[in-house]
Amino acid sequence: MATESSSKSRPEISTFKGQDRALRAGRLGTGGLLLSVLAATAPLMVVAGVMPTTFAVMGIVGQPLLYVVLGVVLVLFSVGYAEMSRHVHNAGAFYAYISRGLGGTAGASAALVALVAYNALQVGIYGIFGFEVSGLFATYTDLSVAWWIPALVAALVVGALGWLKIDVNARVLGVLLIVEVALVVIFDIAAVADPAAQGLSLHAFNPDTLSGAGVGTALCFCIAAFLGFEQAPVYAEETSRPHILVPRVMFLAVGGVAVFFALSSWALTVATGPSAVVAESQKQSAGLLFGLTESRLGGTFTDVLHVLFVTGMFAAMLSFHNVVARYAFAMGREGLLPAAFGRTNSASGAPGTGSLLQTVVSVVVVAVFAIADDKPTGDPTVPVLHLFTWFGNIGSLGVIVLMAAASASVIVFFVRRGAAGAQAWRLVTSALAGIALLVIAVYTVKDFDVLVGAGPDSSLSWVLPGIIGLAVLVGLAQGLLLRARRPEAHARIGLGNEAFQLEKAAEEAS
């Protein structure tokens, strides 16, 4: 440790010192890390909610093929992203990578985008969670419970869990995820064993099913199902061998999600028949999966599925909460947020202040939507179509932009290090992934009115994606201001604890 006098002469560096300035290493192994990131994908929510919505809104039968295509794009992205994870271990994953390649100012912008995007993804789920829990109370207890009551309770429970050790969180997420996946697999098997009149048709994998103007927008719907795999580097500081575990988990997550969702969406087409899946989705919406399971697996299985639908959403909320808390911690540690955010809970090693921030944001947003809801006893308009849809798509757009920027950063990072030749194939995959992600981002902005269910002339079509644009600009302004006024702090962006280690070594050598 540096002396007290040196601490006073270097006030900014001193913020890194002490156990409360670092996340606890060795808490997560391959299994815990994999379960933590996969929980964010909320498989049952995707199969029961996203898939029928995509079939219904876009009218594209080939949704299973879209998951395969996106799986390939994200594997290409992961090649360079995973290689970066071997060189950079920082809880601010996206913005740390971007700052290493594109500079501290770009990193500051990416940090704010990540904070906004992951907060939006997490908060948005509270809407559909509250609505579903309200529905369970009405169905099984005849109680009328306003959607925002279970939403607020969940926000407080998630906040409390966020203060615990990350390995405890991983166990909670793991149990919920494994049961959830098992039930979806049982449905998939039942659908294959008892197909509709068209039999085990592979028509959904026919490229001809992707013809039409709605393919780009359908990609925007489907890519949200993958969000979570990119979180693995956020936990790098809490693993014992990040250079091995993080890349391993990323590829397992992307590959597993692509196969799982491709097969599950295909099972939906088999259970209804490819020619009927769009019409049935438009008719039943999120009830499609539950109707299909009740006819094949009975009412008890469907009741359990309804409950797991809710617990799966809770797991996703907890997963995103942990990510937001760690981004806030990394930003506080590097001067992009007040220093208080750069401290951890002395008992658990969790980023407590960041966790508290996320809880406050969740409670405030849910409260605002609750006040705006003039039918608090169950009308889905506000909690589902607005809170979930608006915030979910804002968050998805932000993460897509971050992935595209990270792809560019990978290329610049290795070129500047003189490793372009050795890393040539990784640079090519990053370039291909970056182009594909930019195309998806453009379609997302272009068709935002479709994604959020607004009219083409609605101001929401530019106000909502404008939130991510505003975060980009405010982050850039913060980075430029930091470079002008506190160049030492600007130079530290993306370095994490490495900045302290470098300063400490320099002090000891002098």
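Descriptive notes on the structure:
- Qualifying residue in region 58-73 (condition: in a helix (DSSP H, G or I), closer than 16 Å to ALA408 by Cα and within 19 Å of the chain's Cα centre (by Cα)): yes
- Members of region 313-333 found to be within 22 Å of ALA224 (Cα to Cα) and not aromatic (Phe, Trp, Tyr), listed by number: MET313, ALA315, ALA316, MET317, LEU318, SER319, HIS321, ASN322, VAL323, VAL324, ALA325, ARG326
Each row is one residue, and each column tells you yes or no for (1) among the aliphatic types (A, V, I, L, M); (2) in a helix (DSSP H, G or I); (3) open to solvent by less than 60 Å² (accessible area, probe 1.4 Å); (4) farther than 23 Å from PHE226 by Cβ.
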residue	(1), (2), (3), (4)
GLY256	no, yes, yes, no
PHE261	no, yes, yes, no
ALA267	yes, yes, yes, no
PRO274	no, no, yes, yes
SER281	no, yes, yes, no
GLU294	no, yes, no, yes
LEU305	yes, yes, yes, no
PHE309	no, yes, yes, no
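- Only one entry in LEU402, LEU387, LEU397 is at pLDDT below 95, crowded, with 22+ Cβ neighbours inside 10 Å and either at positive phi or touching a Pro at 6+ places or on another chain (Cβ under 6 Å) (or both), namely LEU397.
- Check on THR300, open to solvent by 10 Å² or more (accessible area, probe 1.4 Å), of a type in the set (Ser, Thr, Tyr) and either in a helix (DSSP H, G or I) or at pLDDT 90 or above (or both): yes
- Unique residue being open to solvent by less than 50 Å² (accessible area, probe 1.4 Å), small (Gly, Ala, Ser), at pLDDT below 90 and farther than 30 Å from VAL363 by Cβ when the list is ALA420, ALA433: ALA420
- Annotation note: of GLY127, GLY162, GLY135, the sole residue that is open to solvent by less than 20 Å² (accessible area, probe 1.4 Å), in contact (Cβ under 8 Å) with a residue 24 or more places away in the chain and either under 29 Å from GLY59 (Cα atoms) or aliphatic (A, V, I, L, M) (or both) is GLY127.
- Reported count of residues in region 436-458, each being open to solvent by less than 60 Å² (accessible area, probe 1.4 Å), out of contact with any Leu (no Cβ under 7 Å at 6 or more places or on another chain) and assigned to a loop (DSSP other than H, G, I, E, B), is 3.
- Against the test of being open to solvent by less than 90 Å² (accessible area, probe 1.4 Å), within 28 Å of the chain's Cα centre (by Cα) and modelled with pLDDT under 90, the options GLY479, GLY475, GLY496 yield a single qualifying residue, GLY496.
- Region 171-197, subset among the charged types (D, E, K, R) and in a helix (DSSP H, G or I), residue nearest to ALA40 (Cα to Cα): GLU180
- A single member of THR353, THR344 is of a type in the set (S, T, N, Q), free of Cβ contacts under 8 Å to residues at least 40 places away in the same chain and more than 11 Å from ASN119 (Cβ to Cβ), and it is THR353.
- GLY335, sole failed condition from (1) at pLDDT below 85; (2) on the phi > 0 side of the Ramachandran plot: (1)
- From the options LEU34, LEU38, LEU76, residue that is in a helix (DSSP H, G or I), at negative phi and modelled with pLDDT of 90 or more: LEU76
- Annotation: LEU200 fulfils all but one of (1) open to solvent by 20 Å² or more (accessible area, probe 1.4 Å); (2) in a helix (DSSP H, G or I); (3) touching a residue at least 24 places away in the same chain (Cβ under 8 Å); (4) among the aliphatic types (A, V, I, L, M); the unmet one is (2).
- Within region 223-243, the set of residues being touching a residue at least 60 places away in the same chain (Cβ under 8 Å) and either part of a loop (DSSP other than H, G, I, E, B) or over 13 Å from the mean Cα position of the chain (by Cα) (or both) comprises LEU227, GLY228, TYR235, ALA236, GLU237, GLU238, THR239, SER240, PRO242, HIS243.
- Close pairs from region 30-50: first closer than 18 Å to ALA271 by Cβ, partner of a type in the set (Phe, Trp, Tyr) and open to solvent by less than 10 Å² (accessible area, probe 1.4 Å), Cβ under 8 Å, at least 6 apart: PRO43/PHE261; LEU44/PHE309; VAL46/PHE261; VAL47/PHE187; VAL47/PHE261; ALA48/PHE309
- Matching residues in region 313-359 - criterion: being more than 13 Å from the chain's Cα centre (by Cα) and among the aromatic types (Phe, Trp, Tyr): PHE314, PHE329, PHE341
The values are calculated or read from the model by the stated rules, or taken from the named source; none is laboratory data. Remember, it's a predicted structure, so these values are computed and weren't measured experimentally. Glycine also receives a Cβ, built like all others from the backbone with ideal geometry; neighbour counts cover every protein chain displayed. Calculation scope for accessible area: heavy atoms of the full protein, side chains included, ligands and nucleic acids excluded. Shrake-Rupley method; radii C 1.70, N 1.55, O 1.52, S 1.80 Å.
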